[in-house]
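> Structure incoming, see below.
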Amino acid sequence: MRCPECGYEDSKVIDSRPTENKIRRRRECLKCKCRFTTYEIIENIPLVVIKKDHSIEPFDRQKLIDRLLRATIKRPIQLETVENMVDEIVNELKNSLQREVTSDKIGEMVLHKLKNIDHVAYIRFASVYRDFNDIDSFMKIITELSEEEK
Ligand SMILES: [Zn+2]
């Protein structure tokens, strides 16, 4: 990012904040110390997901929607609700300026939202995503939910 005053090529970022689809950065020229503002469009920067086996894949909105639809099957949840949930998660991730996110983190974000929407779907999603393989895991999450309802 070239300095508008002296043309020097190196600057340091002193402040970054996301705005709608953009990151506003305050920069300081390393040579003349003048400060200037740049805007970077973040809309099309791909999000990368780090999976449990440490492999990396591009974030796939449709894939997450499909997983959620499996968890919400036969529940009173509209497709629109699921899509909104996924879009909210995508926006939160973009606004946090993270480019890489673990599948765990995404799973937790989904659970956080599902918890307020439908407990059956919440338990289903948790059981797949947290790899429940015994009754105790189910008991634990159900106990947690009923404790919170009190
Ligand atoms: Zn300068």
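The values are calculated or read from the model by the stated rules, or taken from the named source; none is laboratory data. As the structure is a computational prediction, the values presented were derived from the model and not from experiment. No Cβ is skipped: glycine too gets one built from the backbone with ideal geometry, and neighbour counts run over all protein chains shown.
> Quick check: is even one residue across region 10-22 part of a loop (DSSP other than H, G, I, E, B), away from the ligand (no atom under 16 Å from the Cβ), over 13 Å from the mean Cα position of the chain (by Cα) and at pLDDT 90 or above? Explain how you work it out, then say what you get.
Initial filter on region 10-22 (part of a loop (DSSP other than H, G, I, E, B)): 10, 20-21.
Retained after the next criterion (residues that are away from the ligand (no atom under 16 Å from the Cβ)): 20-21.
After this cut, where a residue has to be over 13 Å from the mean Cα position of the chain (by Cα) as well, the list is 20-21.
From what's left, at pLDDT 90 or above: none.
So far as region 10-22 goes, no, none of its residues is part of a loop (DSSP other than H, G, I, E, B), away from the ligand (no atom under 16 Å from the Cβ), over 13 Å from the mean Cα position of the chain (by Cα) and at pLDDT 90 or above.
> I'm trying to understand the selection: among the residues of region 89-139, which are of a type in the set (S, T, Y) and over 17 Å from the mean Cα position of the chain (by Cα)?
So in region 89-139, the residues of a type in the set (S, T, Y) come out as 96, 102-103, 122, 127, 129, 137.
Matches in region 89-139: Y122, S127, S137.
> Could you check region 26-38 and list, in sequence order, the residues that are under 32 Å from the mean Cα position of the chain (by Cα) and either near the ligand (Cβ under 9 Å from one of its atoms) or modelled with pLDDT under 90 (or both)?
Of region 26-38, the ones under 32 Å from the mean Cα position of the chain (by Cα) are 26-28, 35-38.
Result: E28, F36, T38.
> Among the listed residues P58, P4, P76, which satisfies the condition of being outside the structural domain of N116 (by TED's automatic domain parsing) and touching a residue at least 12 places away in the same chain (Cβ under 8 Å)?
Working: P58 fails: outside the structural domain of N116 (by TED's automatic domain parsing); P76 fails: outside the structural domain of N116 (by TED's automatic domain parsing).
Testing whether each residue is outside the structural domain of N116 (by TED's automatic domain parsing) and touching a residue at least 12 places away in the same chain (Cβ under 8 Å) leaves just P4.
> Suppose we filter K113, K94 for residues that are at pLDDT 90 or above, under 30 Å from K22 (Cα atoms) and not polar (S, T, N, Q); which single one remains?
Working: K94 fails: at pLDDT 90 or above.
After applying the criteria, what remains is K113.
> Is it the case that region 87-96 has a residue that's away from the ligand (no atom under 16 Å from the Cβ) and over 15 Å from M109 (Cβ atoms)?
Initial filter on region 87-96 (away from the ligand (no atom under 16 Å from the Cβ)): 87-96.
Restricting the remaining residues to those that are over 15 Å from M109 (Cβ atoms) gives none.
No; the residues of region 87-96 include none that is away from the ligand (no atom under 16 Å from the Cβ) and over 15 Å from M109 (Cβ atoms).
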